[in-house]
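Report on one structure; see the data block that follows.
What follows draws every value from the coordinates through simple rules; no lab data is involved. Quick caveat: nothing in here was measured; it's all calculated off a predicted structure. A quick note on method: Cβ atoms are made from the backbone with ideal geometry, for glycine too, and the neighbour counts reach across all protein chains shown.
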Amino acid sequence: MHIVIAAIGKAKESLEHQLFEKYRQAIEQQSSWRVELKELTPRKNVSGDMLKSHEADLLQEAVKNADHLICLDERGKTLSSMQLAEHFSTLQNNSVKTVAFVIGGADGLAENLIKKANLSLSFGKATWPHMLVRPMLAEQIYRVEKILANHPYHRE
């Protein structure tokens, strides 16, 4: 499976980026899944709703070839790791080749993009910095792959 993570902003060589890379490499070394991060930089001369709309356009273009779109949004569904694994199992059973996750900027995602998604996913009611969401997502993808492989990484 090819997993694309399209995200607004560049993480550079931060601790968050290092942690993301740790999980991305583990996924690719231990499974047939491939994880691709597309970091997108919006124009600097826009703000408010225009910025969210511009970011949505960038994100949609980055994931236009995906078979399944998942938006990370604080108002989305809160799934357990097991429920997310069940979702991925269904995707695999339906021969989905490319799953795309989109992470908006500091102001979140535009409504039109959320409405196009197959799933809107939340990491809980707390507000998370969008740069921290990347390694959190990578860990959940790693965990999902381990659950589906019946590996003891996930304990329940």
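Can you find, within region 20-48, the residue that is surrounded by the most Cβ atoms within 10 Å (Cβ to Cβ) among those that are in contact with an Asp or Glu (Cβ under 8 Å, 6 or more places away or on another chain) and within 14 Å of R134 (Cβ to Cβ)?
Checking each candidate, the answer is V35.
Anything in region 1-42 that is within 25 Å of A149 (Cβ to Cβ) and among the basic types (K, R)? List them, or say none.
Within region 1-42, K22, R24, R34 meet the criteria.
Can you tell which of F88, F101 is of a type in the set (F, W, Y) and under 11 Å from the mean Cα position of the chain (by Cα)?
F101
Can you tell which of Q92, Q140 is surrounded by 18 or more Cβ atoms within 10 Å (Cβ to Cβ) and among the polar types (S, T, N, Q)?
Going through Q92, Q140 in turn, the sole match is Q140.
So which of V63, V99 is touching an Asp or Glu at 6+ places or on another chain (Cβ under 8 Å), within 23 Å of Y23 (Cα to Cα) and of a type in the set (A, V, I, L, M)?
V99
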